[in-house]
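Quick notes on the structure that follows.
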Ligand SMILES: Nc1nc2c(ncn2[C@@H]2O[C@H](COP(=O)(O)OP(=O)(O)OP(=O)(O)O)[C@@H](O)[C@H]2O)c(=O)[nH]1
Ligand SMILES: [Mg+2]
């Protein structure tokens with residue numbers, strides 16, 4: 001009798017901010033779990049995304065971008081990323097290939113914190129040269145790929161467009177090959193280990209990143225204060241608080257005649273309905289919590305830092 005082995009393991013997606021880590025997680029599992037924005041430092045927590053197939057279960061961990069910024073929240077984001085890396089069976093380093101094809105001089109500094117630890121890895125490492133759809137002339141990729149294989153000789157290198165889905169299946173097949181043998185750790189159909197409340201808060205944060213200008217999204221945090229299910233009528237009422245660090249920011253988040261908050265609420269509600277497949281009543285409140293960004297216990301309550 002042949003024994004069909006099942007594979008299951010954890011894959012950490014690491015890399016500089018804005019490289020497309022969250023987009024790759026969503027493309028890899030074929031569902032939107034992680035929020036995405038055109039700005040760096042969007043992801044603040046470890047975001048799991050689970051793909052269950054007949055012969056394997058891949059558990060991705062999306063992480064905050066590795067950066068060199070100061071401040072308590074930034075430090076806790078880094079801690080989260082390094083902790084995810086520790087818990088992984090397989091490592092994925094995601095880089096913006098278009099950026100480094102245009103500006104090769106940025107590469108070394110951007111990957112500096114990862115260079116030595118990844119080179120010393122005994123676990124399988126994949127380097128994903130992402131955003132290749134932006135490269136008009138694909139031959140511009142070659143010098144970058146050569147440099148990357150010089151830096152991390154043991155790694156498998158994959159040119160990918162997470163946005164367009166190009167090269168993603170090849171990457172997924174390679175990941176499955178190196179996953180350890182083992183039984184599934186999560187039930188089929190489970191998309192993430194994250195609670196729905198957290199996912200809803202993340203969706204609201206994504207819309208804040210899309211709607212608010214300049215640095216404002218960085219001074220916001222979202223917490224779900226109440227979640228009331230009405231099973232009979234099949235709907236849920238969600239009370240979410242958008243925290244800002246200064247009173248001057250409150251009016252800016254709300255916007256002229258409530259324009260911003262309305263836009264955030266409408267866009268978020270639409271996505272939360274899709275997530276929950278239920279009717280949703282969403283109440284948004286903006287509250288000032290002075291300098292929350294330096295408040296470790298508040299940040300912990302949002303799931304940041306070591307878990
Ligand atoms: N053109 C193109 N854009 C991409 C691709 N992958 C991601 N992006 C875009 O790059 C931006 C950043 O994507 P994210 O997935 O949020 O990047 P991230 O690495 O998770 O960023 P942080 O969470 O901030 O560290 C978004 O505007 C994405 O749409 C790609 O393959 N091609
Ligand atoms: Mg992200």
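For the chain, the relative contact order comes to 19 percent (Cα pairs under 8 Å, sequence separation of at least 6).
Would you mind classifying segment 7-178 by shape? Square roots of the alpha carbon gyration tensor eigenvalues, ordered a ≥ b ≥ c; an a/c under 1.5 is rounded, otherwise it is prolate if a/b is larger than b/c and oblate if not. Verdict is rounded for segment 7-178. Computed from label points 7 Å out along Cα-Cβ, the spacing between residue 266 and residue 169 is 3.8 nm. Restricting the calculation to Cα atoms, every distinct pair contributes to the Kirkwood radius of the chain, found to be 20.4 Å.
Counting neighbouring Cβ atoms within 10 Å and putting the fewest first, the residues 169, 52 line up as 169, 52. The simple Förster model, with R0 at 22 Å and r as the Cβ-Cβ distance, assigns residue 239 and residue 185 a FRET efficiency of 0.10.
Where in segment 165-189 does the amide nitrogen come within less than 12 Å of the point 7 Å from the Cα of residue 54, taken along Cα to Cβ? Under 12 Å, as judged by backbone N against the label point of residue 54, lies no residue of segment 165-189.
Axis of helix 196-211 versus longest Cα principal axis of the chain: the two differ by about 90°, to the nearest ten degrees.
Remark: spin-label model distance residue 227-residue 82 equals 3.1 nm, labels positioned 7 Å along the Cα→Cβ axis. Expressed to the nearest 5 percent, the antiparallel share of DSSP beta bridges inside segment 196-301 is 50 percent. In terms of the mean number of neighbouring beta-carbon atoms within 10 Å, the peptides 211-221, 193-203, 250-260 order highest first as 193-203, 211-221, 250-260. Each peptide in 128-135, 237-244, 22-29, 104-111 was scored by the mean count of other Cβ atoms within 10 Å over its residues; highest first, the order is 22-29, 128-135, 237-244, 104-111.
When DSSP beta bridges are restricted to pairs lying wholly in the chain, around 35% turn out antiparallel. Of all beta bridges that DSSP places with both ends in segment 10-68, some 60 percent have antiparallel geometry. Look at the alpha carbon pairs under 8 Å that are at least 6 residues apart: their mean separation over the length of segment 196-301 gives a relative contact order of 30 percent. Angle of helix 72-86 to the longest C-alpha principal axis of the chain, folded into 0 to 90 degrees and rounded to 10: 40°. If the chain linking residue 139 and residue 259 were pulled fully straight, counting 0.36 nm for each residue of separation and taking away their Cα-Cα distance, it would gain 38.6 nm.
Taken together, the values in this text are just the output of simple stated rules run on the coordinates, not laboratory data. Predicted, not measured: the structure shown is a model, and the values here were computed from it. Using ideal geometry, Cβ is built from the backbone for each residue, glycine included, and neighbour counts are taken over all protein chains shown.
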